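Presented below is the structure to which this report refers.
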Amino acid sequence: MTTTYDLAIVGTGSVGAAAGYYASQAGLNVLELDAHVPPHDAGSHHGQTRLIRHAYGEGDQYVPLVLESQRLWNELAINSGQPIFHQTGILTVAQPTTPFFTTLVHSAHEFQLPLETLTAPALQARYPNWHFSDQYQALFEPTGGYLESETAISAYLQLARHAGVRQEFNQPVTGFQRLANGTVEIRTTQGTYQARQVAITAGTWVKELLPDLPVQPVRKVFSWFHTTDQRLTEAAGFPGFTVELATGNTYYGFPGTDGTIKIGKHNGGQPIRNPHERTPFGTYEADDHEIDELLATHLTGTAGLDHGGACSYDLTPDENFIIDYLPGTDNIQLVTGLSGHGFKFASVLGQIVADRAAHQPEPFDLTPFRLQRFHH
Ligand SMILES: Cc1cc2nc3c(=O)[nH]c(=O)nc-3n(C[C@H](O)[C@H](O)[C@H](O)COP(=O)(O)OP(=O)(O)OC[C@H]3O[C@@H](n4cnc5c(N)ncnc54)[C@H](O)[C@@H]3O)c2cc1C
């Protein structure tokens with residue numbers, strides 16, 4: 001007789017790996033399916049590290065989620081014995097009138113989060129590698145830092161495996177359908193499975209399964225630069241950062257480790273239609289020059305490009321997440337459109353999927369994340 005799983009997860013990258021683990025902890029019989037063997041570099045979670053900020057320039061609706069996410073990351077670090085979170089603090093530099101800056105300050109007040117304001121000279125006095133004119137200000141959040149993204153996914157998958165979750169990797173899902181009794185039949189390149197509930201957490205390529213979703217895949221690169229100044233290192237207390245320049249360009253980066261510092265540009269990139277178009281770092285001439293503006297004027301202590309990588313964002317029209325049920329269903333969940341800022345939330349989003357699948361009450365207001373908002 002075919003097993004009918006309580007929950008099948010389509011895509012066990014960042015969110016799916018967390019969802020599978022929390023669902024197993026809720027006592028559900030879980031099937032995890034992935035096109036690759038996570039963690040891997042074909043999705044959105046590779047390149048070792050992801051920033052986590054609590055005060056949130058993208059909107060107050062994210063703060064309760066990120067605070068719970070942080071609690072879950074800390075718990076995962078204890079349960080797995082892995083260094084999931086590095087509390088390096090996060091520096092945000094922008095002109096104080098920009099929406100990102102004012103929203104961030106507002107969210108810190110609203111949720112009583114520690115946040116220190118620094119003028120441009122005070123910033124440079126504390127971190128001599130940063131150089132900004134007086135039109136900029138900095139915000140320092142001591143509780144933020146970065147997550148080891150691939151380590152975290154491995155930890156979730158290993159804990160889930162030990163809890164008895166079935167893992168079928170290197171097995172792309174090609175389609176699914178609801179049967180007359182409400183059960184969902186999922187087809188992969190190697191077989192079919194049945195589940196009472198399904199979570200679609202397929203990241204950038206979700207439209208191969210659900211072509212009508214308002215999600216645009218975008219190719220994004222990040223780069224590692226040689227460091228010549230040990231003040232840029234994590235050991236010396238250099239924090240993670242987000243910098244929004246007056247040109248509108250936004251950069252983010254991590255404290256240096258092992259002689260390099262990783263930096264990326266949040267805006268821009270190339271809209272793409274399929275995995276083949278997400279070509280490796282260096283296939284566009286612009287790849288090598290993405291960070292020039294920041295390094296030429298604002299950050300000293302680096303000495304040339306070491307290497308880079310290509311990743312992808314799944315952008316929604318408003319760059320806010322989609323956390324919902326597939327329209328017309330109450331047993332097919334969707335978590336997608338994380339728009340390049342989702343990793344920090346992966347733990348709590350996984351917990352939400354598990355709570356919904358286990359019919360547990362939902363402690364968060366998720367109405368801002370419903371698909372309905374695109375249909376006005
Ligand atoms: C360059 C870059 C920098 C970033 N920086 C940050 C940051 O600093 N902080 C932050 O919070 N976020 C950041 N993000 C965003 C964050 O990494 C993503 O939002 C997050 O990892 C997405 O998680 P996901 O689970 O939706 O996708 P993924 O982790 O990509 O997982 C999706 C999974 O689904 C699988 N899959 C897809 N299609 C199928 C199918 N048909 N069948 C089976 N499996 C399938 C894939 O193989 C994959 O394993 C960054 C992203 C990039 C690219």
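For segment 252-332, which trypsin sites (Lys or Arg not before Pro) pass both filters: DSSP loop (anything but H, G, I, E, B) and at most 14 other C-beta atoms within 10 Å?
In loop regions of segment 252-332 (DSSP not H, G, I, E or B), the sparsely surrounded trypsin sites (Lys or Arg not before Pro) are 273.
Rank-order 339-347, 243-251, 48-56 by packing density, defined as the average count of other C-beta atoms within 10 Å over each peptide's residues, highest first.
Sorting 339-347, 243-251, 48-56 by mean packing, highest first, produces 339-347, 48-56, 243-251.
Using helices alone, I'd like the mean residue ellipticity at 222 nm for the chain: each DSSP H run of four-plus residues gives -39500 (n - 2.57), total over residue count, nearest 500.
-6500 deg cm²/dmol
Report the charge-dipole magnitude of the chain in Debye, nearest 20, computed about the Cα centre from +1 at each Lys and Arg Cβ and -1 at each Asp and Glu Cβ.
For this selection, approximately 600 debye.
If DNA, RNA and ligands are ignored and the probe is 1.4 Å, what is the ranking of 266, 276, 298, 36 by accessible area, most exposed first? Write down the numbers at each step before the final one.
Values: 266 55, 276 160, 298 20, 36 80 Å².
Result of the area sort, largest leading: 276, 36, 266, 298.
Taking the dipole about the Cα centre of segment 91-206, with the C-beta of Lys and Arg at +1 and of Asp and Glu at -1, give me whichever of 144, 174, 104 is farthest to the positive side.
Value: 174.
Comparing 318, 287, 41, which has the greatest mean-square fluctuation in the GNM of the chain with Cα pairs linked when under 10 Å apart?
Largest GNM mean-square fluctuation: 318.
Tell me the relative contact order for the chain as a rounded percent, counting alpha carbon contacts under 8 Å between residues six or more apart.
24
Rounding to the nearest 20 debye, state how big the charge dipole of segment 131-221 is about its Cα centre with +1 on each Lys and Arg Cβ and -1 on each Asp and Glu Cβ.
460
Projected onto the charge dipole of the chain (+1 at Lys/Arg Cβ, -1 at Asp/Glu Cβ, origin at the Cα centre), which of 223, 271, 367 gives the Cα projection farthest towards the positive end?
Most positive-ward Cα: 367.
HN-Hα J couplings of segment 291-297 from phi, Karplus 6.51/-1.76/1.60, θ = phi - 60°, integer Hz, Gly and Pro as x?
9, 3, 4, 5, 6, 5, 10
The values are calculated or read from the model by the stated rules, or taken from the named source; none is laboratory data. All of these numbers come straight from a predicted model, not from anything done at the bench. When we count neighbours, we look across all protein chains shown, and the Cβ atoms used for this are built from the backbone with ideal geometry, even at glycine. All accessible areas refer to the heavy atoms of the entire protein, side chains included, with ligands and DNA or RNA removed. Shrake-Rupley method; radii C 1.70, N 1.55, O 1.52, S 1.80 Å.
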